Amino acid sequence: MSWKKWVGWLGVLCLGVLGLGIMTGASHPSRPAKVLRIGILRVPNDVAAARQRGDLQRVAARHGYRIKYYSFDSGVDANKALMANSVDLATMGDTNAVVAMAAKIPVKLVWVNDVVGSNEQLVVKQQLGIQRSQDLAGKTIATPFASTSHYSLMMYLKMHHLLGKVRLLDMQTTEIVAAWRRGDIDGAYTWEPSLSNLTHAQTLTDSRALARTGHLTANVTLATNQFRRQHPQALRWVLQTWGAMHTLKRTDAAQIDRLTGQFLGQTARQARVQIGTARWVAPADMATFMTRDFTPQFNTAAQFMGAQQTLNSHPTFQDSQRFIDAQYCERRK
């Protein structure tokens, strides 16, 4: 075969292979990205900062995932979604995580988004002239039941021997503001932004002060057992991305204020007030914090809630240890 004929046949062969490749591509499209479903609350936390900055979306894309967010008004709604397996991860207050553990929802607590501080407070109306805790006897206090604020309020009342001596009302944060303005309540234990809308308020305590007495509360993330088993590496890079926001808060808190404010449609100053003295644990310390510091206090909350008959079961300390899974967190080197 002459050189010219060989080149001609080679050209035909290449065109045929190219055509086959095009047809193969048409019949077998590229694999769609796996969807990672995250349930979030509209609060200024590490998830909000990472989402607004686009960090998690970029990391997910590199690993062949697509992020889909679902917004919830409460941890109760988040637990319902976890039970229905309609999300893979969900953030909530740790008291709702206790409920998830007691109800045996197939999930584990894998991250502490923040330790609650001055962003949750017990306030009363200034005109009442309350000078000490005992002056609360006979007063009406509102709080969202089953929330971290509710637990903190109960711990405060217990410490000061006021259980059963104060009238408690279950109200959502927007309802609390309306009731305050109408004069239906004397005080409230709640969080921002409702706190800033309670005019002429006097602070009696906050969750940072209660944490010092051994009654710590936190906002946490739960992951379904199915997601943990099937996508362990994805869970690790999700938590690494959120951990980077904890580091950023230490190095550039103003950027965190700006990012979370943008996420909430607020100014950076408003977001900074909402964050308050909430503690974002350093990522290298997270595993130790969760197992050594947080687990005992999580168990204390579980025991109290069990004694109040607000749980489906009575979890033990061992149950709390099994429920809190820090293996996906960064380890100090």
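The values are calculated or read from the model by the stated rules, or taken from the named source; none is laboratory data. What you are looking at is a predicted structure, and each value in this text was computed from that prediction instead of being measured. Here the Cβ is made from the backbone with ideal geometry for all residues, glycine too, and neighbour counts use every protein chain on show. Just the protein is used for accessible areas: all its heavy atoms, side chains included, with ligands, DNA and RNA removed. Shrake-Rupley method; radii C 1.70, N 1.55, O 1.52, S 1.80 Å.
Each listed q (0.30, 0.34 Å⁻¹) maps to a log10 I(q)/I(0) for the range 97-136 from the Debye sum over equal C-alpha point scatterers, namely -1.05, -1.11.
Only helices enter this figure: runs of n ≥ 4 DSSP H residues, each worth -39500 (n - 2.57), summed and divided by the residues of the chain, yield -14000 deg cm²/dmol at 222 nm to the nearest 500. Once both labels are positioned 7 Å from their Cα atoms along Cα-to-Cβ, the gap between THR140 and THR277 label points is 3.1 nm. Each of GLN127, SER152, LEU169 was placed along the dipole of the chain (beta-carbon charges, centred on the mean Cα), and the one lying farthest toward the positive end is SER152. Considering the range 63-122, its Cα convex hull presents a mean projected area of 5.5 nm².
Taken over the range 176-333, the alpha-carbon convex hull comes to 171 cubic angstrom per residue.
So the label point goes 7 Å from the Cα of ASP319 along Cα→C-beta, right? Which residues of the range 91-126 then have their backbone N under 12 Å from it? So the set is 98-105.
Its alpha carbons considered, the range 210-282 gives a radius of gyration followed by a Dmax of 15.0, 41 Å. Geometric descriptor of the chain, per residue, is 185 Å³ (volume of the convex hull of the Cα atoms). For the range 177-333, the Cβ-based charge dipole about the Cα centre amounts to some 480 debye (Lys, Arg positive; Asp, Glu negative; other atoms uncharged). Just going by the charge dipole of the range 252-333, with Lys and Arg at +1 and Asp and Glu at -1 on Cβ, which of ILE275, GLN303, ALA287 is farthest out on the positive end? It is ILE275.
Taking only the Cα atoms of the range 73-156, the radius of gyration and Dmax are 16.2, 49 Å.
Placing unit charges on each Cβ (+1 for Lys and Arg, -1 for Asp and Glu) gives the chain a dipole about its Cα centre, and among TRP180, LEU195, MET245 the Cα reaching farthest toward its positive end belongs to MET245. Ligands, DNA and RNA left out, the accessible area of the chain computed with a 1.4 Å probe is 52% carbon and sulfur.
Relative to the longest principal Cα axis of the chain, at what angle does helix 232-251 sit, 0 to 90 degrees, rounded to 10? Its long axis makes an angle of about 60 degrees. Based on alpha carbons, the Rg and Dmax found for the range 97-235 are 17.2, 57 Å. Over the C-alpha atoms of the range 34-74, the Rg to Rh ratio, Rh being the Kirkwood estimate, stands at 0.98. Compared with the dominant principal axis of the Cα atoms in the chain, helix 253-264 is inclined by about 90°. Taking the convex hull of the alpha carbon positions in the range 199-240 and averaging its projected area over all directions gives 5.6 nm².
Once R0 is set to 35 Å, what does the formula 1/(1 + (r/R0)^6) return for the Cβ-Cβ distance between ASP285 and ASN85, expressed as a FRET efficiency to the nearest 0.05? Once rounded, the FRET efficiency stands at 0.65. Dipole check for the chain: with +1 at the C-beta of Lys and Arg, -1 at the C-beta of Asp and Glu, and the Cα centre as origin, the magnitude is about 1200 Debye.
Averaged over residues, the count of other Cβ atoms within 10 Å places the peptides 122-130, 163-171, 200-208 in the sequence 200-208, 122-130, 163-171, highest first.
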